Amino acid sequence: MSENWGILDALRHARHDWMNDLQLIKGNLELNRVERAKQVIDTMVLTAQNESKLSNLKLPLLAEWILTYNWSTHLVKLEFEVGQTGYTHKLDDQKLVLVCKELMELLEANAGANAENQLSLIINLSEEHPRFIFDFTGILKETNVLEEWIKNKQKNGQNIEIELLQKEAFVIHLSVE
């Protein structure tokens, strides 16, 4: 991991995020915006459920990396969603973290500084087609660096496919079977 979070640091960051959400709820209730407060609560519940699914994947290094990524300042915000989780085979936790870190470092180096850059990582571990989907929106300075990275991964035997590749968005699929 690029950061070695101690337990106290992790608790401090989690508490900070929790307090931000509580302040949003409180502020909306004070402004009599009950529906908005309910939306914040619903989002908190969905986030907690998603974090729970991630933590239960038996990929502790990946879960730690994903859950702590946004605790540092980055040009690219990372969001994630865990879809199906029926895959029963052992996955290489360290290899998956390495791929994710490489991709994020590549994006950080090529993302436009004045853009709202976001990578959504969708983890879909169905028994039939286990894969990671990387869905980027924002601005890339150039796409050829990403294309070269993908070609290099393909040469090294990784099953990675491009669904969409443009300067403003891309979607790539990494099969993990």
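The values are calculated or read from the model by the stated rules, or taken from the named source; none is laboratory data. Since the structure is predicted, the reported quantities are computational estimates derived from the model, not experimental observations. A quick note on method: Cβ atoms are made from the backbone with ideal geometry, for glycine too, and the neighbour counts reach across all protein chains shown. Surface accessibility is based on the protein's heavy atoms, side chains included, excluding ligands, DNA and RNA. Shrake-Rupley method; radii C 1.70, N 1.55, O 1.52, S 1.80 Å.
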Probe radius 1.4 Å, ligands and nucleic acids ignored: give me the carbon and sulfur share of the accessible area of the chain as a rounded percent. 51
Which ³J(HN,Hα) values, rounded to whole Hz and listed in residue order, are derived for the stretch 139-149 from phi using the Karplus coefficients 6.51, -1.76 and 1.60 in 6.51 cos²θ - 1.76 cosθ + 1.60 with θ = phi - 60°, glycine and proline given as x? 9, 9, 5, 8, 9, 5, 5, 5, 4, 5, 4
So which of 26/95; 26/77; 26/101 end up more than 32 Å apart, counting from Cα to Cα? 26/95; 26/101
Each residue of the stretch 59-73 in turn: what ³J(HN,Hα) in whole Hz from Karplus with 6.51, -1.76, 1.60 and θ = phi - 60°, glycine and Pro shown as x? 10, x, 5, 5, 4, 4, 4, 5, 5, 9, 4, 6, 6, 10, 6
How much length would be gained if the chain were fully extended between residue 177 and residue 120, taking 0.36 nm per residue of separation minus their Cα-Cα distance, in nm to one decimal? 18.4 nm
Percent antiparallel among DSSP beta bridges (both partners in the stretch 61-149, rounded to 5): 55
Proximal aspartates and glutamates relative to residue 90, as straight alpha-carbon distance under 13 Å, when same-chain residues fewer than 8 apart are discounted: 127, 177
Report, in deg cm²/dmol and to the nearest 500, the calculated mean residue ellipticity at 222 nm for the chain, where each DSSP H run with n ≥ 4 adds -39500 (n - 2.57) and the sum is divided by the residue count. -16500 deg cm²/dmol
Given backbone amide H placed at 1.01 Å from N, residues whose amide H is under 5 Å from that of residue 77, ignoring those fewer than 5 places away on the same chain, are 117, 118, 119
Where does each of 11-22, 159-170, 119-130 land if you order them by average Cβ count within 10 Å, highest first? 119-130, 159-170, 11-22
Just the number please: accessible area per residue for the chain, 1.4 Å probe, all protein chains included, in Å². 61
Pairwise centroid distance, computed over Cα atoms, of the stretch 78-95 with the stretch 152-176, Å: 17
What list of ³J(HN,Hα) couplings, whole Hz, do you get for the stretch 33-44 from phi and the Karplus terms 6.51, -1.76, 1.60, once you set θ to phi - 60° and write x for glycine and proline? 9, 4, 4, 5, 4, 5, 4, 4, 4, 4, 5, 4
Give me the percent relative contact order of the chain, please, defined on Cα pairs under 8 angstrom at least 6 residues apart. 16
For the chain, find the longest principal axis of its Cα atoms and tell me its angle to the long axis of helix 93-110, 0 to 90°, nearest 10. 80
Note on the stretch 42-177: alpha-carbon gyration tensor, axes a ≥ b ≥ c; rule is a/c under 1.5 for rounded, else prolate if a/b larger than b/c, else oblate; result oblate
Need the full-extension length gain, residue 43 to residue 56, defined as separation in residues times 0.36 nm minus the C-alpha distance. One decimal, nm. 2.7 nm
